[in-house]
């Protein structure tokens, strides 16, 4: 028998005990427990017992995992040459590869083309987008009025995208669109409301005061209208009446029955009646929606049949149908594979689980998984599949083995994990037993870093630089370190900080393949080959390494009209810099040659020529992305024209297909930066889990689906378009959806923390308000909420079982120490005499991301921006004296803390604060603007955004925006004091640029510009309007361009003006004199 490369523990030996075969297995394998090694060992023991390898089917979910299993099996029998051939032919594959083989073997019975081609996700996305678009076009052509009514009622501007997503979910459940149960309209909720309204009508005003009688009069009038609804068919009037429920009942006697009845209506009956009303009122629109889904399903299926293709869901669906409809095929499969081994069983969906039940015979299944590591819900994986199977194994007395020994992480890390997930939703409680011995290091294996600033953008910059400093302090091989994040939003700041610190890093699972620099450049070049008048792509190509012309040359070209036309008609060029003119003429000739050859030379060859002729150099590790893209272009050339392929690329980019970047075979000593999903199955000596304050989009979708409830829909309230109401299915499953999302979020954090071997560092950015997302859990569980900025502190905590462990906690609210440590700059800079700043030397390309506050800071004074943001010399605690008034300003940290308190009160994150903070918050809440916000049908507070403007990704947070009958309204609160002698409107003008950039962000988020923008000065209790004219918004865009230009040239001049006196660097780091 092949010798195991590791000594099996008693539990592992139990999991591979062949004396126990003859019953199904469920191996519950925790992180680092050696689950794949156990599966390999069981396979090997079966072979040694006389089972031919060809009769053991090993299934997993990825090609990489399948290859790994085959490799390890081959290694296990390396000393047995007579077994090598049979082991190499052993059926270890992905589930989809197995299904493809089964369907090809039985193509006639399965009703598929024997030569079918499997389409990848990217091709499927395009095919589905086109099919759903054409299905909706056909619906509009045949049933225009019904289609228009559907569009008006739906809470989405992207019905085609919502339909494609819900179609995927339905197929993953194993159901068909025509099998979906309808929502049930139950009028009892509306009847109950009308009954209570009748009680209000019958109530007496005896004992009420004059104001109470007036308030009751409004309630009685509403009750009369509500009672009248009982005799009428469902209509928009029902929505109007329900939406007009009076809010003045607070003036009524609280000890009276009328108040109790109205409260019951408001809190219970109104929401239920609205749900029932939406279900009944939109019944016809739902039928139209189902018609559209059926049309889409039929059209998509027909186009795949015509092309002789199957997508991945087809492989599962057709294989299952083959086994059901042809019992002889099913019997043959079960006879051929008396042993089926399944890795990562927790990642299956309902359709896959059904297929596996059909494949396996009685007591032939060996399933390995861990429900706590089920993190692919967005792909419709259902952890309940694993739970139900495990419970069935338990109840039937079959083989269940729990592998809880962890051979990956230090005991302190495991205790921290247990404490973090004690009674956490979605994570089952399990003891993690340390099984690996580590050398003592003398310092805690678990660290928490919190970066605090006035806004989370500034705090994120501090966090990124602290991480860079900590990596340098650890002094380990860079390849031993991984930085994980929930999503890629944190990668830009982290990459920039590592670059400044001279730390190499490789990003995996970030922007995705189609957003990498090389693929973006090549895509723009293809678009120009198809249409040279495409200005966006022409501008991108001219600025890329393919042409490399300057911004000035671009501007001169643009002054003559369309960039493509101007390039074609390039004149003698006296107005261009000689170097630019040479580049333009060269590219002009090259583009003409490439376009002339496009009809008879394949696009991949044209791109290869362009790369060679222009000397295009990919970024480090980017060459594999170029090769992968050329292979995609080459494959597409055989089935579609270049214009069609370019259109397909646009669809892929627009739908955010997460095509993985090509893997580089190079062994690079670099820090790995990746999403948590990309890190699944990996382990690293040191793990930084960064950006824990960032979450994922929580936008509520227009459509929902559950196998039990069916299709749910959110509809517009026709009486108040900003109000949205879910039908009975949507609302009945909302709690379950929310719990499912929370559970998956917790499991994702569990997976992230258990990637660490020797050191785990948890970090997040904070604006001093209530922590959000994973950061809130860290703050609570590790008891750091009361800590103040300062030197690192060591905390001693206990696991749920009383086992102690230490945590190193660091809270930072400023950056100088970070920068000084990274560049070994001595501390103690003078606070009085001017200092010589380091020379402004461009370090390369400009930043691709910036915060709104950075843009505003640059616009006020480029030199202050350079000192604060580039050098990191943030303002001191004690600001210099105002020379004119000779009085010190408030302590910086106290002012920041006070501002955070006020914002927390206004956002609802805090219910009480200091007397002064409460007074300022009340100023806004009682103002005309505050009352408008309170009445608004749609409102967002502390709205985080990330959007592209002028080829730069801007990020920030809007204090408040709402939508009422007047349109979108944008509000930003300011708590700072107005300097003596300064006009309030003049003071507010300092923030106008910030609001104008917020307006651009809101346009991206809501699809239109705000109608109004206000700076609310809380101390003088004054609302100051902000100019949102096209000219002012263009000026805001120009400010972004100016900042980017300054970064490229490293030119940050002083802007000497009266504002210098309030600058924290005046007569210190900055030599400006007034």
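Just a few scattered comments:
- Per the listing 763, 704, the residue uniquely assigned to a strand (DSSP E or B), modelled with pLDDT of 90 or more and over 20 Å from residue 184 (Cα atoms) is 763.
- Residue count, the range 1017-1036 (criterion: part of a helix (DSSP H, G or I), surrounded by 15 or more Cβ atoms within 10 Å (Cβ to Cβ) and more than 30 Å from the chain's Cα centre (by Cα)): 2
- Considering the range 980-1005, the residues that are buried (at least 16 other Cβ atoms within 10 Å of the Cβ) and over 19 Å from residue 851 (Cβ atoms) include one that is modelled with the highest pLDDT, namely 988.
- In the range 699-753, the residues that are touching a helix residue (DSSP H, G or I) at 6+ places or on another chain (Cβ under 8 Å) and without any contact (Cβ under 8 Å) to a residue 24 or more places away in the chain: none
- Considering each residue of the range 35-50 in turn, none proves to be surrounded by 14 or more Cβ atoms within 10 Å (Cβ to Cβ) and part of a loop (DSSP other than H, G, I, E, B).
- Within the range 352-383, the set of residues being exposed (fewer than 14 other Cβ atoms within 10 Å of the Cβ) and in a helix (DSSP H, G or I) comprises 357, 378, 379.
- Residue within the range 272-283 that is surrounded by fewer than 17 Cβ atoms within 10 Å (Cβ to Cβ) and part of a helix (DSSP H, G or I) present: yes
- The range 56-68 residues that are in contact (Cβ under 8 Å) with a residue 40 or more places away in the chain and in the same structural domain as residue 89 (by TED's automatic domain parsing), paired with ones that are crowded, with 21+ Cβ neighbours inside 10 Å and assigned to a strand (DSSP E or B) (beta carbon under 6 Å, 6 or more apart): 57/340; 58/92; 58/341; 59/342
- Out of 972, 944, 901, one residue alone is surrounded by 17 or more Cβ atoms within 10 Å (Cβ to Cβ), at pLDDT 90 or above and either within 25 Å of residue 765 (Cα to Cα) or under 24 Å from the mean Cα position of the chain (by Cα) (or both). It is 972.
- Test: residue 1039 is within 19 Å of residue 852 (Cβ to Cβ), in contact with a helix residue (DSSP H, G or I) (Cβ under 6 Å, 6 or more places away or on another chain) and not in a strand (DSSP E or B): yes
- 1 or more residues within 30 Å of residue 379 (Cα to Cα) and touching a residue at least 12 places away in the same chain (Cβ under 8 Å): qualifying helices (runs of 4 or more DSSP H) within the range 168-266: none
- The helices (runs of 4 or more DSSP H) falling completely within the range 66-116 that include 2 or more residues that are surrounded by 14 or more Cβ atoms within 10 Å (Cβ to Cβ), at pLDDT 90 or above and at negative phi map to 95-105, 107-110.
- Looking across the range 526-570, the residues that are part of a loop (DSSP other than H, G, I, E, B) and either farther than 30 Å from residue 600 by Cα or in contact with a strand residue (DSSP E or B) (Cβ under 7 Å, 6 or more places away or on another chain) (or both) come down to 550, 560, 561.
- Some residue of the range 386-404 being more than 28 Å from the chain's Cα centre (by Cα), surrounded by fewer than 23 Cβ atoms within 10 Å (Cβ to Cβ) and on the phi > 0 side of the Ramachandran plot: yes
- Of all residues in the range 330-351, those that are farther than 17 Å from residue 390 by Cα and assigned to a helix (DSSP H, G or I) total 8.
Yes/no matrix, rows are residues, columns are (1) closer than 30 Å to residue 277 by Cα; (2) part of a helix (DSSP H, G or I); (3) modelled with pLDDT of 90 or more:
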site	(1), (2), (3)
698	yes, no, no
740	yes, yes, yes
750	no, yes, yes
795	no, no, yes
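- Against the numbered list (1) at pLDDT below 95; (2) crowded, with 19+ Cβ neighbours inside 10 Å; (3) more than 20 Å from residue 676 (Cα to Cα), residue 424 comes up short only at (3).
- Checked against the criterion of being over 32 Å from the mean Cα position of the chain (by Cα) and not assigned by TED's automatic domain parsing to the domain that holds residue 628, the candidates 159, 127, 139, 150 yield just one match: 139.
- Residue match in the range 252-269 (condition: farther than 12 Å from residue 219 by Cα and surrounded by 19 or more Cβ atoms within 10 Å (Cβ to Cβ)): yes
- Looking only at residues of the range 51-64 that are out of contact with any helix residue (DSSP H, G or I) (no Cβ under 6 Å at 6 or more places or on another chain) and outside any loop (DSSP other than H, G, I, E, B), we find that the one that is nearest to residue 80 (Cα to Cα) is 54.
- Per the listing 515, 473, 463, the residue uniquely modelled with pLDDT of 90 or more, surrounded by fewer than 17 Cβ atoms within 10 Å (Cβ to Cβ) and touching a helix residue (DSSP H, G or I) at 6+ places or on another chain (Cβ under 9 Å) is 473.
The values are calculated or read from the model by the stated rules, or taken from the named source; none is laboratory data. Quick caveat: nothing in here was measured; it's all calculated off a predicted structure. In this analysis, Cβ positions are derived from the backbone assuming ideal geometry, glycine residues included, and neighbour counts consider all displayed protein chains.
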